[in-house]
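One structure is given below, encoded as structure tokens.
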Amino acid sequence: MNVLFPMFVKMDGRRCLVVGAGRIGTPKIRSLLAAGAKVRVVAPSASPAVKRWARSRKIRWEAREFSPRDLQGAFLVIAATQLAELNHRVFREALRRGVLCNVVDDPPRCDFYYAAVVRRGPLQIAISTSGCSPALAKQLRKHLEAQFGRGYGAWVKRVGRLRRGVLAKKHSPKRQRKLLLELARGGPVPVTRRAA
């Protein structure tokens, strides 16, 4: 198995194609929208959520079969149909064109995997099993969600504001590093019950 290169990608405005708009494709479309991607969907039929997004112009849905030309200009494509042969065809065409592709629940036909993610405001902790066990990644996510409570989002924002202040001042590199490390120590103040 290849070693994966972990990274967080800025998706805002990037053109993404999803082939399939049913129960498999809908969550993938939702996650791309949440990341700010410009989403185009190709599928003969669609879930109620996909139809709503299309009506409100959050996505562009084309109610038809996939064509290889749909990949033109796409940053990435997600093959999310229940038809294995169609998903394989999307993968082959994407590979030929150098477009990143994820065939849902088919690790050998994935250039990238969806991570299980813990989100606490700007803090994101992503877990991947390299496609070996998405169920295990979800269990680990639940464990980390309990460990990193909701207070972490506000704390990370506060550290970010303080960091900008440190960087704006004329400190020596050594002093700046020390101050930045001090900011990152600790964690959010736990929420405690008020005294009765």
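Structure summary
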item	result
Farthest positive-ward along the chain dipole, Cα basis, beta-carbon charges - from TRP53, PRO108, GLY20	TRP53
Sequence-separation-based contact order of the chain, relative, with Cα cut under 8 Å and 6+ spacing, percent	13
For the chain, accessible area per residue (1.4 Å probe, heavy atoms of protein chains only), Å²	68
Solvent accessible area, Å² - VAL3, 1.4 Å probe, full protein context	140
Linear extension gain, LEU100 paired with GLN176, 0.36 nm per residue minus alpha-carbon span	23.4 nm
Links that overshoot a 21 Å alpha carbon limit, given the list LYS28/LYS58; LYS10/LYS142; LYS10/LYS178	LYS10/LYS142; LYS10/LYS178
Listed residues HIS143, HIS171, HIS88 arranged by accessible area, highest first, probe 1.4 Å	HIS143, HIS171, HIS88
For a label point 7 Å along the Cα-to-beta-carbon line of THR129, residues of segment 1-31 with backbone N under 17 Å	1-2, 4
Lys, Arg +1 and Asp, Glu -1 on Cβ, resulting dipole of the chain about Cα centre, debye, nearest 20	1460
Bridge type composition, the chain - antiparallel percent by DSSP, nearest 5	25
Options (i) 10.1; (ii) 13.6; (iii) 16.4 - which one matches mean projected area of the Cα convex hull in nm² as calculated here	(iii)
Accessible-area value, GLU65, 1.4 Å probe, nucleic acids and ligands omitted, Å²	120
Set of aspartates and glutamates near LYS169 by C-alpha distance (under 13 Å), chain-local residues within fewer than 8 positions excluded	none
Reach of LYS38 by Cα under 12 Å, taken over aspartates and glutamates that are not fewer than 8 positions away in the same chain	ASP12
Percent carbon-and-sulfur accessible area, the chain, ignoring ligands, DNA and RNA, probe 1.4 Å	54
Sum of -39500 (n - 2.57) over DSSP H runs of 4+, divided by residues of the chain (222 nm, nearest 500)	-12000 deg cm²/dmol
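The values are calculated or read from the model by the stated rules, or taken from the named source; none is laboratory data. Only a predicted model underlies this, so the values are computations on that prediction, with no experimental measurement involved. Positions of Cβ are backbone-derived with ideal geometry, glycine not excepted, and every protein chain shown enters the neighbour counts. Remember, those area values only see protein heavy atoms, side chains included, never the ligands or the DNA or RNA. Shrake-Rupley method; radii C 1.70, N 1.55, O 1.52, S 1.80 Å.
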